[in-house]
Amino acid sequence: MPTPAKAMAVCTVASLVAVSAYTVALGANGWLWFAWVLLGLCTAGVLAIRSPR
């Protein structure tokens, strides 16, 4: 996995932890989960494009 793709994957996982902690502490926020899903889809796209063939 190339370095930029790895960094994006790490950021996606870190944001999942942050959104989960926010949800536990203050309650669910649909916009945060929506943003995380978009980030996850973008990360999946980057990983699919960057994967060696």
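The values are calculated or read from the model by the stated rules, or taken from the named source; none is laboratory data. Every value quoted in this text rests on a predicted model; they were computed, and no experiment measured them. Keep in mind that these areas ignore ligands, DNA and RNA; they rest on the heavy atoms of the full protein, side chains included. Shrake-Rupley method; radii C 1.70, N 1.55, O 1.52, S 1.80 Å.
If the chain linking F34 and S20 were pulled fully straight, counting 0.36 nm for each residue of separation and taking away their Cα-Cα distance, it would gain 3.8 nm.
For the chain, the solvent-accessible area with a 1.4 angstrom probe is 74 square angstrom per residue. Expressed as a whole percent, the accessible area of the chain that falls on carbon and sulfur atoms is 77 (1.4 Å probe).
Length, then width, then depth: along the principal axes, the Cα atoms of the chain run 43, 16, 11 Å.
Backbone phi angles across the stretch 10-22, fed through the Karplus curve with coefficients 6.51, -1.76 and 1.60 (θ = phi - 60°), yield HN-Hα couplings of 5, 5, 5, 5, 5, 5, 4, 4, 5, 5, 5, 5, 4 Hz in residue order; Gly and Pro are listed as x.
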